[in-house]
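The values are calculated or read from the model by the stated rules, or taken from the named source; none is laboratory data. These figures come from a predicted structure and were not determined experimentally. Virtual Cβ from ideal backbone geometry, glycine too; neighbours counted across all protein chains shown. Keep in mind that these areas ignore ligands, DNA and RNA; they rest on the heavy atoms of the full protein, side chains included. Shrake-Rupley method; radii C 1.70, N 1.55, O 1.52, S 1.80 Å.
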Protein chains: 2
Amino acid sequence: MQTERFTDPAALRRAIRQGAWTRPTRLQAPGHVQCSVVILPRTAGFDFLRYCQRNARACPLIEVTEPGDPEPRMSAPGADIRTDVGRYAVYRNGAQIDELSDIRPLWRDDLVAFLIGSSLSFDPLLEAAGIESSPVWVLETRLPTVPAGGFHGPLAVTMRWMTPADAISAIQITGRLPGFHGAPIHLGDPARIGANLAAPLHGPPVREIPPDRTALYWACGVTPQRAAIASATPFMITHVPGHGFVTDLRIEQFAMP
Amino acid sequence: MQTERFTDPAALRRAIRQGAWTRPTRLQAPGHVQCSVVILPRTAGFDFLRYCQRNARACPLIEVTEPGDPEPRMSAPGADIRTDVGRYAVYRNGAQIDELSDIRPLWRDDLVAFLIGSSLSFDPLLEAAGIESSPVWVLETRLPTVPAGGFHGPLAVTMRWMTPADAISAIQITGRLPGFHGAPIHLGDPARIGANLAAPLHGPPVREIPPDRTALYWACGVTPQRAAIASATPFMITHVPGHGFVTDLRIEQFAMP
């Protein structure tokens with residue numbers, strides 16, 4: 001029962017929880033904030049919050065939950081962060097050891113969910129502006145992030161390509177949205193940021209960017225997953241790229257003038 | 001030797017450190033980011049960072065220092081957060097117990113400085129736009145902040161009044177600056193937000209706002225000081241209202257389109 005387009009975020013979360021929706025959340029519940037998810041023990045919270053503050057382009061925080069409470073009370077009252085994301089990745093000591101659709105067996109009283117504004121939030125805005133974008137890739141780059149405590153690693157980006165005119169519009173539209181990574185961090189040649197097109201973190205391998213298209217690269221909330229690997233983080237649970245946590249918040253609440 | 005207007009932030013910090021400049025920092029080092037200061041033990045850091053995230057209008061973070069390191073390495077290399085603010089307030093168990101110009105005797109290996117973008121940063125922009133603003137008052141309101149961990153309390157605001165046309169310009173200019181509290185949170189009648197004009201936290205008592213002027217109220221980085229009192233915070237050191245920490249960062253780095 002994979003409906004083409006959900007409009008109600010609570011209905012989409014319910015379908016995800018029940019296993020009725022297992023696909024990525026791109027272009028679903030348009031107008032609503034979607035989030036990357038990072039779940040860590042409270043003891044790692046101070047360092048991770050500093051990592052987010054120092055890398056705000058990649059990690060703009062929408063909500064930080066109460067330790068042990070699986071309900072994101074501010075952004076999605078009634079939701080359960082343990083079941084309402086389509087796919088979760090489990091990292092231990094710097095390696096992804098599991099991919100799950102329900103993390104209730106792993107939940108602990110000291111776990112905190114960090115919800116990071118995702119570029120999945122602005123894809124419907126680009127679509128509504130008539131922008132014909134490629135699909136979305138998630139790529140690792142060779143740009144370093146600013147370390148904090150034990151967290152360090154490379155910047156991950158989302159890549160979309162479009163006509164040059166559409167690229168200009170997309171830069172303007174997303175520049176108003178610092179809560180969802182803001183304007184792109186790069187445009188054009190992927191080699192300039194060391195973007196790894198051969199092995200995307202999400203999406204099929206890319207041979208080449210079409211010569212009549214301009215590629216745009218946005219800082220991405222998958223960055224903490226790369227930090228988990230680079231930093232050998234003892235324990236982190238995240239969303240799987242493409243599977244955002246869909247909140248009840250409206251994007252316009254976060255738009256700048 | 002209270003020079004009328006410093007242009008170099010490092011020179012201003014040096015004058016403050018040496019006791020040669022003891023006045024407020026408003027309109028000094030124009031174009032540079034000024035910060036409210038909150039210093040807390042690392043153990044309070046996770047809760048305070050969540051308090052900032054939940055009250056981002058009042059507490060937009062510019063830098064969070066390394067525990068024990070008095071140098072804000074990202075925003076003001078070479079500076080010393082223990083000496084480079086004109087006046088510090090020391091809070092213990094919810095009461096201000098001291099006001100100092102040097103906190104080196106109080107420094108500890110576990111202290112962290114949270115630098116919060118201040119509206120002092122945008123006053124030169126309003127001046128450059130030809131806006132004739134009143135002086136700045138800091139006022140407590142009856143608006144609650146969103147609690148996090150042990151931190152809760154009322155919102156503090158800065159108040160400036162100006163002509164209606166200038167108020168419109170000021171709203172537009174500051175709306176582009178979420179790193180410095182963004183647009184005002186209220187306009188007009190101070191009673192609507194319970195702003196206490198009789199006992200300002202900074203500035204002389206206010207009898208009335210001139211009838212031909214529009215008062216604007218911006219969320220303010222003095223809010224954590226009110227939280228220290230309301231929450232009976234065991235230990236916090238802050239700047240004294242009006243005495244910002246002047247960084248080397250340029251305001252334009254933080255402006256939205």
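Would you say A:Gly68 is under 21 Å from A:Thr174 (Cβ atoms) and either surrounded by fewer than 18 Cβ atoms within 10 Å (Cβ to Cβ) or among the hydroxyl-bearing types (Ser, Thr, Tyr) (or both)?
no
So A:Gln96 ticks every box in (1) within 16 Å of A:Val38 (Cβ to Cβ); (2) touching an Asp or Glu at 6+ places or on another chain (Cβ under 9 Å); (3) surrounded by fewer than 17 Cβ atoms within 10 Å (Cβ to Cβ); (4) not aromatic (Phe, Trp, Tyr) but one. Which box is left unticked?
Checking A:Gln96 against (1) within 16 Å of A:Val38 (Cβ to Cβ); (2) touching an Asp or Glu at 6+ places or on another chain (Cβ under 9 Å); (3) surrounded by fewer than 17 Cβ atoms within 10 Å (Cβ to Cβ); (4) not aromatic (Phe, Trp, Tyr), the one that fails is (2).
Taking the condition of being at the interface with another protein chain (Cβ under 9 Å from one of its Cβ atoms) and either of a type outside the set (D, E, K, R) or open to solvent by less than 10 Å² (accessible area, probe 1.4 Å) (or both), how many residues in the stretch A:26-42 meet it?
Here the count works out to 0.
I need the full set of residues from the stretch A:171-228 which are hydrophobic (A, V, I, L, M, F, W, C), part of a loop (DSSP other than H, G, I, E, B), within 14 Å of another protein chain (Cβ to nearest Cβ) and open to solvent by less than 10 Å² (accessible area, probe 1.4 Å), in order please.
A:Leu177
With respect to the numbered conditions (1) more than 14 Å from chain A (Cβ to nearest Cβ); (2) open to solvent by less than 20 Å² (accessible area, probe 1.4 Å), which one is the sole condition not fulfilled by B:Ala20?
If we test B:Ala20 against (1) more than 14 Å from chain A (Cβ to nearest Cβ); (2) open to solvent by less than 20 Å² (accessible area, probe 1.4 Å), just (2) comes out false.
Scan the stretch B:136-165 for residues that are in contact with a strand residue (DSSP E or B) (Cβ under 8 Å, 6 or more places away or on another chain), farther than 21 Å from B:Met236 by Cβ and not in a strand (DSSP E or B) and report the count.
Looking only at that region, the number is 3.
Among the residues that make up the stretch B:85-93, is at least one of them open to solvent by 20 Å² or more (accessible area, probe 1.4 Å), farther than 30 Å from A:Met74 by Cα and either within 14 Å of chain A (Cβ to nearest Cβ) or not small (Gly, Ala, Ser) (or both)?
For the stretch B:85-93, residues open to solvent by 20 Å² or more (accessible area, probe 1.4 Å), farther than 30 Å from A:Met74 by Cα and either within 14 Å of chain A (Cβ to nearest Cβ) or not small (Gly, Ala, Ser) (or both): present.
Going by what's in this entry, would B:Asp123 be described as over 28 Å from B:Arg160 (Cα atoms), touching a strand residue (DSSP E or B) at 6+ places or on another chain (Cβ under 9 Å) and more than 10 Å from chain A (Cβ to nearest Cβ)?
No; evaluated as a whole, the condition is false for this residue.
From (1) surrounded by fewer than 17 Cβ atoms within 10 Å (Cβ to Cβ); (2) assigned to a strand (DSSP E or B), pick out the condition that doesn't hold for B:Pro257.
(2)
Name, by its number, the condition in (1) closer than 24 Å to A:Pro144 by Cα; (2) more than 10 Å from every other protein chain (Cβ to nearest Cβ) that does not hold for A:Asp80.
(1)
Would it be correct to say that A:Arg57 is open to solvent by 30 Å² or more (accessible area, probe 1.4 Å), within 16 Å of the chain's Cα centre (by Cα), away from chain B (no Cβ under 14 Å) and within 30 Å of A:Pro144 (Cβ to Cβ)?
Against the criterion (open to solvent by 30 Å² or more (accessible area, probe 1.4 Å), within 16 Å of the chain's Cα centre (by Cα), away from chain B (no Cβ under 14 Å) and within 30 Å of A:Pro144 (Cβ to Cβ)), A:Arg57 does not qualify.
Every residue in the stretch A:155-170 that is surrounded by 18 or more Cβ atoms within 10 Å (Cβ to Cβ) and either of a type in the set (Phe, Trp, Tyr) or more than 15 Å from the chain's Cα centre (by Cα) (or both), please.
A:Trp161, A:Met162, A:Asp166, A:Ala167, A:Ala170 - these are the residues of the stretch A:155-170 that are surrounded by 18 or more Cβ atoms within 10 Å (Cβ to Cβ) and either of a type in the set (Phe, Trp, Tyr) or more than 15 Å from the chain's Cα centre (by Cα) (or both).
Determine whether B:Thr7 is surrounded by fewer than 16 Cβ atoms within 10 Å (Cβ to Cβ) and more than 17 Å from the chain's Cα centre (by Cα).
Against the criterion (surrounded by fewer than 16 Cβ atoms within 10 Å (Cβ to Cβ) and more than 17 Å from the chain's Cα centre (by Cα)), B:Thr7 qualifies.
Yes or no: B:Arg50 modelled with pLDDT of 95 or more and open to solvent by 50 Å² or more (accessible area, probe 1.4 Å)?
no
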